[in-house]
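Take a look at the structure below.
The values are calculated or read from the model by the stated rules, or taken from the named source; none is laboratory data. As the structure is a prediction and not an experimental result, all values here were calculated from the model. All Cβ positions, glycine included, derive from the backbone under ideal geometry; neighbour counts span all protein chains shown. In case anyone asks, the SASA skips ligands and DNA or RNA and just uses the protein heavy atoms, side chains included. Shrake-Rupley method; radii C 1.70, N 1.55, O 1.52, S 1.80 Å.
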Amino acid sequence: MRHDETPTLSPPAAPSTTVPKSPGPSPWMLRIVTIGLVLAALNLRPAITSLGPLLEEVRDSLHMSGSVAGLLTSVPPLCFAVFGFMAPRLARRFGPGAIVCAGMAAITAGLLLRPFVGGTAGFLAASALALMGIAVSNVLMPVIVKRWFPDRVGTVTGLYSMALALGTALAAALTVPVTDALGGSWRTGLAVWAGLAAVAILPWIPLVRDRGGASGPAAGAPAPALRITRSRTSWALACFFGLQATAAYITMGWMPQIFRDAGIPAGTAGVLLAVTMAMGVPLAFVIPRVASRLRTQGPIVLVLSGCGLLGYAGLYLAPAGGAWLWALLLGIANCAFPLALTMIGMRSRSGAGVVRLSAFAQSTGYLLSIPGPLLVGVLYQHSGGWGLPLALMAALLVPQTVAGMLAGRDRTIEDEC
């Protein structure tokens, strides 16, 4: 070193600025959320599938025409569309846990009041109250899964989808036997399902004050504003959701009547519907897990649609002779619902994106599904048979398959918006 050089001193090390990670949710809270998801899912379909096996008795008692009965089967998607759009705003203001808790309370009240308010208008109004609770819960289920279980979306979605299918099947299978055991009144047979909904309120009470769900990036990271309507994937997912919902509500509302018209007793028709719904119990757990491991979900869409076409063809050609096989095939086809829920969780990178995508896809989808059950009722009444309604149901599977293939592509709405 020369004498005129000044020694260079290295700067002192900067103090560590690492921010400690916020602790994740406690195992106890995760168990509470899991129990809440399962119990809530059990109550998302009995309001609908308990009505199918007793629809003839309800029509006779309330003096409904076939067209009005078709309107009754269109009420669920109408309520899901209207009230589903409200779910994100309500969740931002009160928290998703509080809204699901209120939804379970609305289901309880609606199911308890529906059989006893008197008249078709009162029946529809009480049904709408229960369906309002189902609608907001429908939208918020994927949101809660994404927030509390961001690394297990497929597994937890499969768990509550399986519970949803189980509740659907139980209501279809047990409504007629329970009605007979309680004296034969359809009013009592429908009201009894309010008890299951009341139990589902309890695990959500600790989450009423929660405003943000679990901690972590999936829950709390702000997302840029998304113009969801600019995303082709969101539109494809909405169409897929709407068309599968059309098929599901036609099946839940009218399949028992198809079997009864073929000479099958009411109790057996209810069990056949239960078989259709019960197929979703194992498959609703398996399909989301498989779908979450695939880059594209198109192959699953093709398999489900093929089963649906075979089931509709069987109902037309031999409704009584192959009743159990057609029930099984349509049960497989109905598993497009848990597939759609899984794709909602996979097509966005953030919790906020899932909120908007879930609300858009489900509400728009249910809005698209409204005419289907009503049109089936009109065709059935004016044609005097099931040929035209079944042809319509089979034809709708074509655009459903196309939309599902598009929605199943490996991309996110953030990429497109």
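Structure summary
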| item | result |
| --- | --- |
| Spans of helices (runs of 4 or more DSSP H) in the stretch 206-280 with at least 2 residues modelled with pLDDT of 85 or more and open to solvent by 10 Å² or more (accessible area, probe 1.4 Å) | 232-261, 266-278 |
| Residues located in the stretch 102-143, provided they are more than 19 Å from the chain's Cα centre (by Cα) and either in a helix (DSSP H, G or I) or under 15 Å from Pro338 (Cα atoms) (or both) | Ala109, Leu112, Leu113, Gly119, Thr120, Ala121, Gly122, Phe123, Leu124, Ala125, Ala126 |
| Hits in the stretch 184-194 - residues which are of a type in the set (Gly, Ala, Ser) and either under 29 Å from the mean Cα position of the chain (by Cα) or over 16 Å from Ala266 (Cβ atoms) (or both) | Gly189, Ala191, Ala194 |
| Pro20, sole failed condition from (1) surrounded by fewer than 10 Cβ atoms within 10 Å (Cβ to Cβ); (2) assigned to a loop (DSSP other than H, G, I, E, B); (3) at pLDDT 80 or above | (3) |
| Helices (runs of 4 or more DSSP H) contained entirely in the stretch 292-380, each with at least 2 residues that are open to solvent by 40 Å² or more (accessible area, probe 1.4 Å) and either within 20 Å of Gly280 (Cα to Cα) or out of contact with any helix residue (DSSP H, G or I) (no Cβ under 9 Å at 6 or more places or on another chain) (or both) | 298-317, 323-333 |
| Positions within the stretch 43-93 being at pLDDT 80 or above and among the β-branched types (Val, Ile, Thr), in sequence order | Ile48, Thr49, Val58, Val82 |
| Search result, residues across the stretch 373-417 that are small (Gly, Ala, Ser), over 16 Å from Tyr312 (Cβ atoms) and in contact (Cβ under 8 Å) with a residue 60 or more places away in the chain | Gly377, Ala403, Gly404, Ala407, Gly408 |
| Residue list for the stretch 127-153, filter: surrounded by fewer than 21 Cβ atoms within 10 Å (Cβ to Cβ) and farther than 21 Å from Ala245 by Cβ | Pro150, Asp151, Arg152 |
| Conditions (1) in contact with a Ser or Thr (Cβ under 7 Å, 6 or more places away or on another chain); (2) assigned to a helix (DSSP H, G or I); (3) of a type in the set (A, V, I, L, M); number of the one not met by Met64 | (2) |
| Qualifying positions in the stretch 154-172 - surrounded by 24 or more Cβ atoms within 10 Å (Cβ to Cβ) and under 29 Å from Thr268 (Cα atoms) | Gly158, Tyr160, Ser161, Leu164, Ala165, Gly167, Thr168, Ala169, Ala171, Ala172 |
| Leading residue by the ranking (modelled with the lowest pLDDT) among those in the stretch 381-411 that are outside any helix (DSSP H, G or I) and either under 16 Å from Phe240 (Cβ atoms) or open to solvent by 60 Å² or more (accessible area, probe 1.4 Å) (or both) | Gly384 |
| Single residue of the stretch 44-63 satisfying the filter (more than 21 Å from Thr168 (Cα to Cα) and touching a helix residue (DSSP H, G or I) at 6+ places or on another chain (Cβ under 6 Å)) that is most open to solvent (accessible area, probe 1.4 Å) | Arg59 |
| Selection from the stretch 87-105 of residues that are closer than 22 Å to Leu42 by Cα and surrounded by fewer than 22 Cβ atoms within 10 Å (Cβ to Cβ) | Gly95, Ala98, Ala102, Ala105 |
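Table: residues versus (1) assigned to a helix (DSSP H, G or I); (2) under 17 Å from Ala41 (Cα atoms).
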position: Val145; (1), (2): yes, yes
position: Asp151; (1), (2): no, no
position: Thr155; (1), (2): yes, yes
position: Leu166; (1), (2): yes, yes
position: Thr179; (1), (2): yes, no
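This table checks each residue for (1) among the polar types (S, T, N, Q); (2) free of Cβ contacts under 8 Å to residues at least 12 places away in the same chain; (3) within 24 Å of Arg59 (Cα to Cα).
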{"residue": "Ala130", "(1), (2), (3)": "no, no, yes"}
{"residue": "Val139", "(1), (2), (3)": "no, no, no"}
{"residue": "Arg147", "(1), (2), (3)": "no, no, no"}
{"residue": "Thr157", "(1), (2), (3)": "yes, no, no"}
{"residue": "Ser161", "(1), (2), (3)": "yes, no, no"}
{"residue": "Ala171", "(1), (2), (3)": "no, no, yes"}
{"residue": "Pro177", "(1), (2), (3)": "no, no, yes"}
{"residue": "Leu182", "(1), (2), (3)": "no, yes, yes"}
{"residue": "Ala200", "(1), (2), (3)": "no, no, no"}
